[in-house]
Amino acid sequence: MENMQAVNNFVAAYLKKKGFKEAEQLLEDLQNKESAPIDFHNDPELAKFIHRFSQSEDDVARYQDGYSKLRSWTYSSLDLYKHELLRVLYPVFIHSFMDMVAKGHLQEARTFFNNFREDHELMHSRDLQKLEGVLSQSHLEEMEFARSLRQSKVNIKICQYSYDLLLQYLHKTQSTAMLGVINEHINFQVSSGQPSSISDDAEVVTLIGSCQDTANQINQKEIHWGLLEDSLEERLEKAGGLLSDSEKTEEENKEGDADDTKKRSVESGKQGASTKKLKKEKALNATAKSARPEASTTPAAPRVKAKLPLPLMSTEVEQSILEDLRNRVQLSSVLLPSVSFYTFLNTHNGLNCSSISHDGSLVAGGFSDSSLKVWDMAKLGQQGGSSILQAENDSTSSEHVVGPNGGKRSYTLFQGHSGPVHSATFSPLGDFILSSSADTTIRLWSTKLNANLVCYKGHNYPVWDVQFSPVGHYFASASHDRTARIWSMDRIQPLRIMAGHLSDVDCVQWHANCNYIATGSSDKTVRLWDVQNGECVRIFIGHRSMILSLAMSPDGRYMASGDEDGMIMMWDISSGRCITPLMGHTSCVWTVAFSCEGSLLASGSADCTVKLWDVTTSAKVPRNEEKSGNPNRLRLLKTLATKSTPVYSLQFSRRNLLFAAGALSKNL
Amino acid sequence: MSNVPKEAIEVIAQSIGITNLSPDVAIALAPDVEYRVREIMQEAIKCMRHSRRTVLTADDVDSALNLRNMEPIYGFTSRDALRFKRAAGHKDLFYIDDKDVEFKEVMESPLSKAPIDTSVTSHWLAIEGIQPAIPENASVEAPSDGKKAEYKDDGTSVDVKLPVKHVLSRELQLYFDKIAEITMNRSFSVVFKQALLSLATDSGVHPLVPYFTYFIADEVARNLNNFPVLFALMRVARSLLQNEHIHIEPYLHQLMPSIITCLVAKRLGNKFTDNHWELRNFAAKLVASICKRFGHVYHNLQPRVTRTLLHAFLDPTKTFPQHYGAIQGLAALGPSVVRLLILPNLEAYLQLLEPEMALEKQKNEIKRHEARCVYGALLRAAGLCMYDRLKMFPSLLAPPTRPIWKSNGKVATTNKRKASTDNLMQQPPAKKIATESAMGMMPINSMQADVQGAASSFSNTVGGSNIGVSSMTRPLSNDNMLGREVGGRVSKTSTVLAQAWKEDTDAGNLLASLFELFGESMLSFTPNLSFHSSFD
């Protein structure tokens, strides 16, 4: 204390000498203020308190005792404030546990953990599983999750009254151990007024390594989520505006026919598989007829400039895409898409991923035996005018590619990887395939030449996912090395490395305007990165388990992410908030896809279903009445059950026909 | 403290040759081992997820080890999940069954088949949001909420239909064997009656229905010459149909052919003494009862039955017993069927039948008898139909005709008695009249048949033509006292009909022409009793 005084005096003298009048004044004020609470020698109450505190440092039983008391107090608190107080319990619990481990009371820590883990099992089971493995001080240091937990503070929003209640309790019971933990690790954001509702405690669920504040800060950054200038869609819209009246009425007449064509297409769907290909075209035509270029109703998204130099498109390609766009079916909650399902048979549990080209004509499968196989569905449909069974057995057709071992196959085999292939993606025009593998490489294949063109080496660990950009040429990869990288086809070194995730980057997806990529990670967050400068511009927190799939809405405003538990979350990109979780799947959501005009979301899961969700309702809501967390706004439209076939990938064609692929698995 | 006990560390240490492991080391190692195992598992789960699987395999663990730059564990490379066995006597101890394989055996065993190569097929999972009912799609259950929920809950597909094994209890098997035995061998015994009663009332018979229907179908086909068995089988069929507790609809398709066979088969039984007429009557009743009971469920049931029977009836190459069966079957189906299908063809058929009944033309006694039986069946069918019509329009025979009716009542009754007592004696002359009159009546009659099928708006013209009929028949029947009397009355009736109740001319007309064809015996079917009681 005297030492302190000496320092103070020294500082004051220094300030006086230098002539810092204001600072000197401040110091003096500070000293005067401090003097009151510091005077604890005269306050017996406080002295006792501090005495207790110092004593209990070693007394591990205090934690157990204190926590159980706090717990029972919380459970018996007022209903209105209970859920807020309950949020305090989890951080207190894990930090008490880690403190005990840190102090070397391993046995007690374990019993403590086992005694109370049930309480948090529901919300935090995966975190608990991780923490369960912490058995010594060194583990705390080594395990990133534990380390980051101990270094960071948890933000808890709490209303004034709950806060008062908690303080009162802590003071009254003098449970210093708990007080210590709370002071050390919890940052209360006390708000006046009513306690917040139960539903928006999503932020508490994920304890991310970086401080909550930085996440919030990041999410303040500006995002230009608008679509690209001069995109084909835009051009089409402009053209649509110039449609003459006669053409418009014609469109309306066609609309009247839609019902007929619908019936026809349904009938044709029921026929045998022999005319499959033909029917597909018919159905396409039928659905295409009912489409109308309805330019006026789509809310005009703002336009942004591309930050990347974009590849040029040949006029023929442009024409064909425009043609597709004109014939697009306008899907809605009343007009659901047709779904064509590609089933992989006899995969012997070896299929790791599948991908479908934009027009649905090519299907690629990545296998655990390092091979990539590509099927040309158009050819399969043609040969022998065949039924499915024939196509399966009839391997003598001359169409088939002759493999190196002389056998004839219905697919093109791409060999080159030396580890399981975890992801494959088609370029927008279907002339290239990228595949990523556990051998840490990404390979570029040409479907025209049936050959490997480039091998991209850069990642140090298995590459979990690779995705072509919407315009082609560029692609993004996600890896076990906790980075995502941006590449261009003509360079063998990555253009950008996005680092920041605390665990594996499991999936990656491009934003519609190619200026951003989104990455989903095992750290339960989704991040949005600026492709140009490689900075993280959004952190989406809310998932409770590893993120497996991502999709961006075509209008660039929304993002959907699916996780291991079957939860799908819709995010508003500009605000970084979750609009609503979509619950319905019971197992891993392997894939999500937006329909081309963004009114429907399709999701495919390991529970052998494709689910269609209505997302128009949310998109149509004006921005000013933005209220998150209304579960009625997004709804499940349809569940399409497959025959014990988990759905691996989904792809909407430009005309809004939905393609799905999965491997038939007998022993689920 | 950790899940890995220090004893495990000690065992492992010993197994790799470290004998002097200090206990402190074991205690320190145990938690670390657990931590490392957890770490490996965490990575393995990631690998599993990226292989789009929900089941962890040994490969995933190997990949995880690989990620940590460790050597994989050899010897567990199977794509399928490992099969753990519970160690006997321990609740929580499992092991992988690792059989010793004789190397020689492996060498000598034939090469196993190469696995089928991967292929891709496509189908429509949904068309505009609706799942087509094709074999590639999961069977769409009726959207009952309970089912859906169940589907969601366990996450696996419930719709994989396992073949349901039909289990018959021993008692039921015994029961079936017993009934089958009695039916085949002891159909005249009292026990058989008991059995029939049991079949008709027992609610527990239901599991046996498919067996019984098969039994009946099988045995009928095999025992067409064995009259008692056929009859017994038909009785069994009737008992089954009578049973309210069983759900026999799905098996009707199997049962019907057998019954129809017993109705219109060429030969039933091999002895002359076999009263196959009775069997046919019985089968006819059975068919009619089935049509009545299930006709509304299976709309094409009765049309199909009638078509079959009509074919038999109209085919002149078929034998008389077959015709008899067909007529009986049709008659049993009700008067409207008779009116629609038999009466239009009656005229022509009687022409065919006539010579067969005549003593002088058909020498074969049996054939003659058969023909008479057919005639009797026709008479009965037509008569029942007439009875029905007259009952529907009681006013047809209201006051104006009453006196005639009264006076004729006596004639009718005597006639009936005669017909019943000496049918054989009576019929030939009656037939003669009928044919005589029929000769003249033919064209008109056929026209009448047309009208029956057509709308009633034609009744006026029919009435007119009927007058013509009567006037034509009168001179014809002159030589016969009885015929003239009848003809006169018919004409009187029909003229009255034509004038007064035009919408009912159909019935009157019918009576007239039937009378022309069958003569007096027709009158026995007129519902005189009821009229008398109502008028007197």
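Computed values, structure above
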read-out: Scan of the range A:327-379 for residues that are in contact with an Asp or Glu (Cβ under 9 Å, 6 or more places away or on another chain), more than 16 Å from A:LEU658 (Cα to Cα), within 7 Å of chain B (Cβ to nearest Cβ) and outside any loop (DSSP other than H, G, I, E, B), ordered by number; value: A:LEU345, A:CYS353
read-out: Search result, residues across the range B:48-59 that are more than 8 Å from every other protein chain (Cβ to nearest Cβ) and at pLDDT 90 or above; value: B:MET48
read-out: Residue within the range A:615-636 that is at pLDDT 80 or above, under 18 Å from the mean Cα position of the chain (by Cα), open to solvent by less than 60 Å² (accessible area, probe 1.4 Å) and of a type outside the set (D, E, K, R) present; value: yes
read-out: Residue within the range A:144-154 that is open to solvent by less than 10 Å² (accessible area, probe 1.4 Å) and free of Cβ contacts under 8 Å to residues at least 24 places away in the same chain present; value: no
read-out: Filter result (open to solvent by less than 10 Å² (accessible area, probe 1.4 Å), closer than 13 Å to B:ILE290 by Cα and assigned to a helix (DSSP H, G or I)) within the range B:235-255; value: B:ALA237, B:SER239, B:LEU240, B:LEU252, B:LEU255
read-out: Unmet criterion (only one of (1) open to solvent by less than 60 Å² (accessible area, probe 1.4 Å); (2) more than 23 Å from the chain's Cα centre (by Cα); (3) over 16 Å from B:TRP277 (Cβ atoms)) for B:VAL337; value: (2)
read-out: Scan of the range A:413-438 for residues that are over 23 Å from the mean Cα position of the chain (by Cα) and part of a loop (DSSP other than H, G, I, E, B), ordered by number; value: A:GLY416, A:HIS417, A:SER418, A:GLY419, A:PRO420, A:LEU429, A:GLY430, A:ASP431
read-out: Some residue of the range A:521-540 being in a loop (DSSP other than H, G, I, E, B), closer than 26 Å to A:LEU634 by Cα, touching a residue at least 40 places away in the same chain (Cβ under 8 Å) and open to solvent by less than 10 Å² (accessible area, probe 1.4 Å); value: no
read-out: Enumeration of residues in the range B:1-28 that are within 11 Å of chain A (Cβ to nearest Cβ) and open to solvent by less than 90 Å² (accessible area, probe 1.4 Å); value: B:MET1, B:SER2, B:VAL4, B:ALA28
read-out: Among residues of the range A:91-115, those that are open to solvent by 10 Å² or more (accessible area, probe 1.4 Å) and part of a helix (DSSP H, G or I), counted; value: 9
read-out: Test: residue in the range B:92-107 that is within 14 Å of chain A (Cβ to nearest Cβ) and touching a residue at least 12 places away in the same chain (Cβ under 8 Å); value: no
read-out: Unmet requirement for B:SER122, which otherwise passes all of (1) modelled with pLDDT of 80 or more; (2) under 35 Å from the mean Cα position of the chain (by Cα); value: (2)
read-out: Hits in the range A:121-142 (condition: open to solvent by less than 10 Å² (accessible area, probe 1.4 Å), free of Cβ contacts under 8 Å to residues at least 40 places away in the same chain and part of a helix (DSSP H, G or I)); value: A:LEU128, A:LEU131, A:HIS139
read-out: Members of the range A:439-463 found to be in contact with a strand residue (DSSP E or B) (Cβ under 6 Å, 6 or more places away or on another chain) and within 12 Å of chain B (Cβ to nearest Cβ), listed by number; value: A:TYR461, A:VAL463
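The values are calculated or read from the model by the stated rules, or taken from the named source; none is laboratory data. Computed from a predicted structure; not experimentally measured. Virtual Cβ from ideal backbone geometry, glycine too; neighbours counted across all protein chains shown. Please note that ligands, DNA and RNA were not included when accessible areas were found on the heavy atoms of the full protein model with its side chains. Shrake-Rupley method; radii C 1.70, N 1.55, O 1.52, S 1.80 Å.
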